């Protein structure tokens, strides 16, 4: 793969040894590279101010200075096309909730196998939302407790196919994986997804998933 076509991954991690190891693993892949590996959100923001931009950022949460959650917010504000994947030891529900609300596209726990981290990067690049299974269970439990009483008269008029796609979104499948599973084209799934967003009055995959779980739509 041409270097200019490789996924640009940045790493924000204050553990120097882990940072070096992950950088080496990422740079060893043919389809990605890690040109910027720093120990704080402030350093990441400095690189953005210098005109650099990532495709994906692996972000720790417990960082010196600005937190990783604030880092995700600022990344999404300054580089809207960039995606953030949390890589942290913090598994508390509030941290998970705050990270997802800030715009995280994935949530992994340390220690994670380097192969799992690389797979997560590829999933995000393909439109997926990789989440550690333990964290996913916490999220489902959290959203279930937030759910209001069901209103039988409230109906978003989702078709059977749209509900099926929404369920696969909640399961964490990317658009291409959904297309393969349902034997439909990527374009067809994209059109269904746009209709789902419009009917649910949301603008992102994360918001659609959160609403589906919170309101028991699947």
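The values are calculated or read from the model by the stated rules, or taken from the named source; none is laboratory data. A quick note: this is a predicted structure, and the numbers were derived from the prediction, not measured. When we count neighbours, we look across all protein chains shown, and the Cβ atoms used for this are built from the backbone with ideal geometry, even at glycine.
Couple of notes before you dig in:
- Top-ranked residue of the stretch 173-209 - restricted to ones that are closer than 18 Å to residue 97 by Cα and at pLDDT 85 or above, ranked as surrounded by the fewest Cβ atoms within 10 Å (Cβ to Cβ): 202
- Residue in the stretch 5-16 that is touching a strand residue (DSSP E or B) at 6+ places or on another chain (Cβ under 9 Å) and assigned to a helix (DSSP H, G or I) present: no
- Residue 120 crowded, with 17+ Cβ neighbours inside 10 Å and under 22 Å from residue 211 (Cβ atoms): no
- Subset tally (residues that are over 21 Å from residue 210 (Cα atoms) and part of a helix (DSSP H, G or I)) for the stretch 78-103: 1
- Any helices (runs of 4 or more DSSP H) falling wholly within the stretch 157-218 and containing at least 2 residues that are in contact with a helix residue (DSSP H, G or I) (Cβ under 7 Å, 6 or more places away or on another chain) and over 25 Å from residue 120 (Cα atoms): 160-170, 186-200
- Qualifying residue in the stretch 34-47 (condition: in a loop (DSSP other than H, G, I, E, B), in contact with a helix residue (DSSP H, G or I) (Cβ under 7 Å, 6 or more places away or on another chain), buried (at least 22 other Cβ atoms within 10 Å of the Cβ) and not assigned by TED's automatic domain parsing to the domain that holds residue 203): no
- Scan of the stretch 17-31 for residues that are within 16 Å of residue 56 (Cβ to Cβ), in contact with a helix residue (DSSP H, G or I) (Cβ under 9 Å, 6 or more places away or on another chain) and assigned to a helix (DSSP H, G or I), ordered by number: 22, 25, 26
- Taken over the stretch 96-121, the residue count meeting the criterion of being closer than 19 Å to residue 75 by Cα and at pLDDT 80 or above is 13.
- Contact annotation: residue pairs with Cβ atoms under 6 Å, 6 or more positions apart or on different chains, pairing a residue in the stretch 2-18 that is over 14 Å from residue 108 (Cβ atoms) with a partner that is at pLDDT 90 or above and in a strand (DSSP E or B), are 6/32; 6/33; 7/32; 10/36; 10/57.
- Cβ pairs under 6 Å, 6+ apart, first in the stretch 193-210 and free of Cβ contacts under 8 Å to residues at least 12 places away in the same chain, second surrounded by fewer than 16 Cβ atoms within 10 Å (Cβ to Cβ): none
- The condition (being over 18 Å from residue 122 (Cα atoms) and part of a loop (DSSP other than H, G, I, E, B)) is satisfied by just one residue among 64, 54: 64.
- Qualifying residue in the stretch 26-46 (condition: out of contact with any strand residue (DSSP E or B) (no Cβ under 9 Å at 6 or more places or on another chain), under 25 Å from residue 170 (Cα atoms) and at pLDDT 90 or above): no
- The stretch 56-106, residues that are in contact (Cβ under 8 Å) with a residue 40 or more places away in the chain, under 13 Å from the mean Cα position of the chain (by Cα) and surrounded by fewer than 18 Cβ atoms within 10 Å (Cβ to Cβ): 97
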